[in-house]
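*Asks:* Have a look at this one before I ask anything.
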Amino acid sequence: MSPLVQLAAEEAENPLIPPIPELVIGLIAFVIVFGFLAKKLLPNISKVLDERREAIEGGIEKAEAAQTEAQSVLEQYKAQLAEARHEAARLRQEAQEQGATLIAEMRAEGQRQREDIIAAGHSQIEADRKAAAQALRQDVGQLATDLAGKLVGESLEDHARQSRTIDRFLDGLDETATKAEAAR
């Protein structure tokens, strides 16, 4: 064969188109592999994908349920917190009212005790003044009687006369003191 014929024969065979027997064998091998994959492998892959989809959807549902539960717990917490704040404010208000009442009671008690102490002091002062006036009256009366006895030259030992003299003298002193206070 000449090189030209051989070249022409090679040209008739297209390298892109395989020979028919190879094409048939390749097609049969493809059908066998595809059948095997369709029967054995694809159901397993489908099963795994379905399980995964269910797990994801279940996880999403669980997450949504957990989020809903968390939201309700948060709302309950906020409600309890608001209630606790309200209760604390009420207790604080009650404590302030009780404190004010207690302070008012203590002031009233202190005022009453002060008035009692002042009244007792005035009573004691008045009793002391009367006792001092009585003692002074007796001492002045005794001195006046002694002095009058020395002036008159006789003894004024008579008790009734002595008392009348002393009373007249002290009444005169009281009148003089009263007039002096009125003049002021």
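*Asks:* Would you check which residues across the stretch 47-63 are open to solvent by 80 Å² or more (accessible area, probe 1.4 Å) and either more than 30 Å from LEU37 (Cα to Cα) or charged (D, E, K, R) (or both) and list them?
*Replies:* Once the filter is applied, which keeps residues that are open to solvent by 80 Å² or more (accessible area, probe 1.4 Å) and either more than 30 Å from LEU37 (Cα to Cα) or charged (D, E, K, R) (or both), the stretch 47-63 yields LYS47, GLU51, ARG52, ARG53, GLU54, GLU57, ILE60, GLU61, LYS62.
*Asks:* Just to be sure, is ASP128 of a type outside the set (Val, Ile, Thr) and either at pLDDT 85 or above or open to solvent by less than 70 Å² (accessible area, probe 1.4 Å) (or both)? Break it down stepwise before answering.
*Replies:* Working: of a type outside the set (Val, Ile, Thr): yes; either at pLDDT 85 or above or open to solvent by less than 70 Å² (accessible area, probe 1.4 Å) (or both): yes.
Judged against the criteria, ASP128 is a match.
The values are calculated or read from the model by the stated rules, or taken from the named source; none is laboratory data. If you're wondering where the values come from, they're calculated on a predicted model, not measured in any experiment. All accessible areas refer to the heavy atoms of the entire protein, side chains included, with ligands and DNA or RNA removed. Shrake-Rupley method; radii C 1.70, N 1.55, O 1.52, S 1.80 Å.
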